[in-house]
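Note sheet for the following structure.
The values are calculated or read from the model by the stated rules, or taken from the named source; none is laboratory data. Note that the coordinates shown come from a computational prediction; the quantities given were computed from them, not determined experimentally. So basically every Cβ, Gly included, is an ideal-geometry build from the backbone, and we count neighbours across all protein chains shown.
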Amino acid sequence: MVRLRLDLAYDGTDFSGWAKQPGQRTVQGEIEEGLGKVLRLPEPPTLVVAGRTDAGVHARGQVAHVDLDAGGFGALENRYRREEPPTSPLSDPGSPEGVDERLPALLRRLSGVLPSDVRIHRVTVAPEGFDARFSAMSRRYAYRISDAPGGVDPLRRREVAWYSRGLNVDRLNAAAAHLLGEHDFAAFCKKREGATTIRELQRLDWVRQEGILVATVVADAFCHSMVRALVGSLLPVGEGRLPVDWPGQVLRSAARDSKVHVAPAHGLCLEEVLYPEAEDLARRAVETRRVRTLSV
């Protein structure tokens, strides 16, 4: 078996999220189907992703991995020879060198079978110990919102949300500072059975760029709906309707507050996933799997 790392992007508008669901169009489903078709597999392979995104959420820097039988890459050999004849005989497709030689052909074939709203930018043989989900050190999201009275530029309507009241960047940043650090973010997450809501929020700040407010949100990991709930808690502060310390009060309550409205999905984009050096990948995966508790 060989583990491949896939670096990819997608416009989430017409997807029912990342995770494969019966009868729904999903990013995972499209890519797995494409891999199965290109490699002529009897069953589509299973992808593991760095961060599952909800319906309507975009990604520019998503990462996934897939485990495949190295011998199956021989299905690419004839196409590879037609598209890019090698200067020397191809290696055994079951060897690491043979897999590497066929990855350019795999990438081109995937580009031909995948729909235009999902693109694989890079395919590489993953280093030993790599796990797209558990080896990750952090995920960086951006949330884009416009408070222009006339609404969002129609050419950016799929990636920028609209807020009908003016927002103050200084108030947004002052409120965001109360949320940084390692906390139980139960007040901002949809709870899942057996899953912890303890996370380390490493960065949350706002800037105004060409009339668009952009929030950069970085954490070691995120729980379900966390980024959009954090943003939703800050917006009424930014317009001056709630005090600057209110999001921090909600955080300490560890309970969902009816005043926290989850921000629209289409304003959110996964921008980057960071990993440690190759020698630390396996150790990081073990650390991430532990059940976290807060120190007293």
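Quick one: in the stretch 104-137, of everything that is assigned to a helix (DSSP H, G or I) and touching a residue at least 40 places away in the same chain (Cβ under 8 Å), which residue is surrounded by the fewest Cβ atoms within 10 Å (Cβ to Cβ)?
Ranking the candidates gives Val113 first.
Could you list all residues from the stretch 5-60 that are part of a helix (DSSP H, G or I) and surrounded by 19 or more Cβ atoms within 10 Å (Cβ to Cβ)?
Gly12, Val27, Gln28, Gly29, Ile31, Glu32, Gly34, Leu35, Val38
What's the number of the only condition in (1) in contact (Cβ under 8 Å) with a residue 12 or more places away in the chain; (2) surrounded by fewer than 18 Cβ atoms within 10 Å (Cβ to Cβ) that Cys269 fails to meet?
(2)
Say whether the condition of being in contact with a His (Cβ under 8 Å, 6 or more places away or on another chain), assigned to a loop (DSSP other than H, G, I, E, B) and either at pLDDT 95 or above or closer than 15 Å to Leu179 by Cα (or both) is met by at least one residue in the stretch 245-258.
Yes, because at least one residue in the stretch 245-258 is in contact with a His (Cβ under 8 Å, 6 or more places away or on another chain), assigned to a loop (DSSP other than H, G, I, E, B) and either at pLDDT 95 or above or closer than 15 Å to Leu179 by Cα (or both).
Please find, within the stretch 11-32, the residue that is farthest from Pro264 (Cα to Cα) out of those that are in contact with a Leu (Cβ under 9 Å, 6 or more places away or on another chain) and of a type in the set (Asp, Glu).
Checking each candidate, the answer is Glu32.
Every residue in the stretch 199-235 that is among the basic types (Lys, Arg) and either crowded, with 22+ Cβ neighbours inside 10 Å or farther than 13 Å from Ala142 by Cβ (or both), please.
Arg199, Arg208, Arg228
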